[in-house]
1. From the list LYS119, LYS96, LYS143, LYS134, which one is modelled with pLDDT of 75 or more and either charged (D, E, K, R) or in contact with a Lys or Arg (Cβ under 7 Å, 6 or more places away or on another chain) (or both)?
2. From LYS9, LYS45, LYS67, LYS36, grab the single residue that is exposed (fewer than 12 other Cβ atoms within 10 Å of the Cβ), over 24 Å from GLU196 (Cα atoms) and in contact (Cβ under 8 Å) with a residue 24 or more places away in the chain.
3. Name the residues in the stretch 361-396 that are within 19 Å of ASP424 (Cβ to Cβ), free of Cβ contacts under 8 Å to residues at least 40 places away in the same chain and crowded, with 16+ Cβ neighbours inside 10 Å, would you?
4. Of the residues that make up the stretch 334-345, is at least one out of contact with any strand residue (DSSP E or B) (no Cβ under 6 Å at 6 or more places or on another chain), among the aromatic types (Phe, Trp, Tyr), closer than 19 Å to HIS392 by Cβ and surrounded by 16 or more Cβ atoms within 10 Å (Cβ to Cβ)?
5. For the stretch 43-67, name all the residues that are within 34 Å of the chain's Cα centre (by Cα), closer than 18 Å to GLU86 by Cα and hydrophobic (A, V, I, L, M, F, W, C).
6. I'd like to know if the stretch 252-259 contains one or more residues that are at pLDDT below 80, acidic (Asp, Glu) and not assigned by TED's automatic domain parsing to the domain that holds LYS162.
7. Can you tell me which of PHE315, PHE290 is in contact (Cβ under 8 Å) with a residue 40 or more places away in the chain and in contact with a helix residue (DSSP H, G or I) (Cβ under 6 Å, 6 or more places away or on another chain)?
8. For the stretch 286-397, please list each of the strands (runs of 3 or more DSSP E) lying entirely inside it that holds at least 3 residues being under 30 Å from ASN271 (Cβ atoms).
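The values are calculated or read from the model by the stated rules, or taken from the named source; none is laboratory data. Just so you know, these numbers come straight off a predicted model, no measurement behind them. Don't worry about glycine lacking a Cβ; one is built from the backbone with ideal geometry, like all the others, and counts go over all protein chains shown.
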Amino acid sequence: MKLESFVEKMKEMTGLDSLDTYTEEFQKLVDGHNKKEFDLYPRYKIISKQILLGLDNLYERTIELLKYYKNSSSLEVYKLRYGDDEGIRLFEEKTKKTVQSLENYIKRYGEIEGPIKFKEFSKSRVMSLEMCIKRHGEIEGPKVFRNYWDNTAFGTSKRAFKKRFGDDWEKHYNDFRNEIAQNNTLEGKILKYGEELGVQKFKEANLKKSKSLSKDAYVEKLLKNGLSFDEIQIAISGRWDNTSLNSFITRYGEEEGVKKYNEFVLNHKQNNPLCIEYYEKNNIPKEVAFEIISKIQYERNKKVNKFSKESLFYFDKLNEIFSKKGYKCKYKEDEIGILLNEEEYSIYKIPRMFFYDFYIEDLKTIIEYHGVRFHDDIDYNSTIGVSETDLHKKEYNKDFYKKWLAEKRGYTVLILRSWKIEEDLQKMFITLNFTEEEKCKFA
């Protein structure tokens, strides 16, 4: 294919006299066609449409669209074809037309026939006993229904996956569960229905779920079923309070209830990797168990974002300054933590680890930001010279102990207090040898 002939064709299809701004893109498209990366002829219509929409990167869009040929009706494909705004609009328009909803059935068949046909469609989609009897009669219908659900291999239960995939069932089952979980997220809803409708569907699903799980909805259901006040109280207790000591005593009496409750608690602890009893059952030493539990909790807690927006004003500037010097800084989602050993943990009986706001790795220096809401005004200089024996004798502030622990591990710790920020900044400038230019960034 020659570039000139393609340009003329695009002018003819778009009705535009000049397409000079697309010369480079057209050359890429023609080269791609000639190299057999794709067939350009069937793409004339969509490319001319993209030109009229004022889209750029025509060659990249064409290449990307090849990846989605099996899912040509997805939101991503519509955005590649028509751009973000027009793509989302057309996708939502298409989705509303094609979805099997009562609204669309009424549009198609009218106010009277629409609801009837939609109800028939809904029933026909499932392998229900009613539909089996309708198809196979009163005698054979129930047999077909039972046989179907006893032997089906395309259900969503573990048993169905085992039948369908054999030894590899577990991987497919977990993939299926992950896909369902993704579909129920906001991102999944948007991908399926588009931006506006996806957000709406996500909110509706969460509202419906919260209502169905609420105690009010449960009580309303029991009232409709004709239960008395006492019966409802017992039902609520059985559903929302079946693991407390009181619930065990109610069910089994004082002596037997306490015994069964203690057995219940011990059983759960022995099966929980975050409890010492789990490791004792497996003859693992207590000190080893403590370390394992701490590491598990550390991995879980380090993913929790705890930094304040107020602190970022200072930490972003610090990161900019030290990054220019080639120093590595850790903060926000990348903050560092210190795991306490068993002896350190026994001093304060606090969580098994501390996370620190800002860390300059090359200087082994930690900088903590204290807002007035969550931190006390104490003398942090007094951490120097305090021993573990002192800490056992006297109860110290949690922030004090946190600073003491980092210093014990060999870190330099600086505190920036929001209520004494100028004083603490000056101390930091001196300690870290800031230049006048660097100081000015905090003005």
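1. Working: LYS119 fails: modelled with pLDDT of 75 or more; LYS96 fails: modelled with pLDDT of 75 or more; LYS134 fails: modelled with pLDDT of 75 or more.
Matching residue, one of LYS119, LYS96, LYS143, LYS134: LYS143.
2. Values: LYS9 fails: exposed (fewer than 12 other Cβ atoms within 10 Å of the Cβ); LYS67 fails: in contact (Cβ under 8 Å) with a residue 24 or more places away in the chain; LYS36 fails: in contact (Cβ under 8 Å) with a residue 24 or more places away in the chain.
Going through LYS9, LYS45, LYS67, LYS36 in turn, just one is exposed (fewer than 12 other Cβ atoms within 10 Å of the Cβ), over 24 Å from GLU196 (Cα atoms) and in contact (Cβ under 8 Å) with a residue 24 or more places away in the chain: LYS45.
3. From the stretch 361-396, those within 19 Å of ASP424 (Cβ to Cβ) are 363, 365-384; that's our starting set.
Subset that is free of Cβ contacts under 8 Å to residues at least 40 places away in the same chain: 373-374, 376, 378-384.
ILE378, TYR380, THR383, listed by residue number.
4. Filtering the stretch 334-345 for residues out of contact with any strand residue (DSSP E or B) (no Cβ under 6 Å at 6 or more places or on another chain) gives 334, 340-345.
With among the aromatic types (Phe, Trp, Tyr) added as a condition, the list becomes 345.
Subset that is closer than 19 Å to HIS392 by Cβ: 345.
With the extra rule that they be surrounded by 16 or more Cβ atoms within 10 Å (Cβ to Cβ), the set shrinks to 345.
Yes.
5. Correct list: LEU55, LEU58, LEU65.
6. Looking only at the stretch 252-259, we keep the residues that are at pLDDT below 80, and these are none.
No, there is no match, as no residue in the stretch 252-259 is at pLDDT below 80, acidic (Asp, Glu) and not assigned by TED's automatic domain parsing to the domain that holds LYS162.
7. On the way: PHE315 fails: in contact with a helix residue (DSSP H, G or I) (Cβ under 6 Å, 6 or more places away or on another chain).
Exactly one residue qualifies, and that residue is PHE290.
8. Working: elements: 329-339, 353-360, 365-370.
In the stretch 286-397, the matching strands (runs of 3 or more DSSP E) lie at 329-339, 353-360.
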